[in-house]
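This report concerns only the one structure given below.
The values are calculated or read from the model by the stated rules, or taken from the named source; none is laboratory data. These numbers were taken from a predicted model, which means no experiment stands behind them. When we count neighbours, we look across all protein chains shown, and the Cβ atoms used for this are built from the backbone with ideal geometry, even at glycine.
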Amino acid sequence: MAEGNVSRDSGDKRNPLRPAKGSRKRSRLLRHADFERVYKQGKRYFSASMTFFYLEREDTGSPRVGYTVSRMLGGAVDRNRMRRRLREAVRLCGLPGMPVDVVVNPKKSLLTADFADVQAQVARAMQIIGKAAK
């Protein structure tokens, strides 16, 4: 085999920090009915830059998270930046290990908040949600 024809199939090239593609979809709230159920039946936790709605589920699945960013918070670029920051903060902080649905609503101040502060707020919220859902 020539040196230039090295096989590219030399193992798993998936990012170890990202969950498998199928598990990412299972860990997200996707249906409108699920969001509505969390809003109407769930509890709330307020932080400086966001509001967390959470509701424990009856099944034995993993936690699911959804994000709602209103158009009132800015244009598409700003809303997508908020969503990316929230997703990364949740990924770094982790989720409670129980079947709970969480919806995160950011406030306008999330755009200018330091990421370390956002991460600390998410970590505190997940800790409180984990204790409340037990």
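Observations
- Condition check for Ala120: loosely packed, with under 14 Cβ neighbours inside 10 Å, at pLDDT 95 or above and not acidic (Asp, Glu): no
- Check on Arg44, surrounded by fewer than 16 Cβ atoms within 10 Å (Cβ to Cβ) and at pLDDT 95 or above: yes
- Every test in (1) in contact with a Lys or Arg (Cβ under 9 Å, 6 or more places away or on another chain); (2) on the phi > 0 side of the Ramachandran plot is passed by Pro99 save one, and that test is (2).
- Check on Val102, closer than 19 Å to Arg44 by Cα and part of a helix (DSSP H, G or I): no
- Selected residue (only one of Ala116, Ala48, Ala120 is among the hydrophobic types (A, V, I, L, M, F, W, C), assigned to a loop (DSSP other than H, G, I, E, B) and out of contact with any strand residue (DSSP E or B) (no Cβ under 6 Å at 6 or more places or on another chain)): Ala48
- Candidate set: the stretch 45-93, residues that are closer than 23 Å to Lys134 by Cβ and of a type in the set (Asp, Glu); chosen: the one nearest to the chain's Cα centre (by Cα): Glu56
- Every residue from the stretch 79-115 that is free of Cβ contacts under 8 Å to residues at least 24 places away in the same chain and under 13 Å from Ala48 (Cα atoms): Thr112, Asp114
- Output for the stretch 30-45, where each listed residue is closer than 18 Å to Met98 by Cβ, part of a helix (DSSP H, G or I) and small (Gly, Ala, Ser): none
- Scanning the stretch 43-78 for residues that are in contact (Cβ under 8 Å) with a residue 60 or more places away in the chain and either farther than 29 Å from Asp117 by Cβ or not aromatic (Phe, Trp, Tyr) (or both) yields a total of 6.
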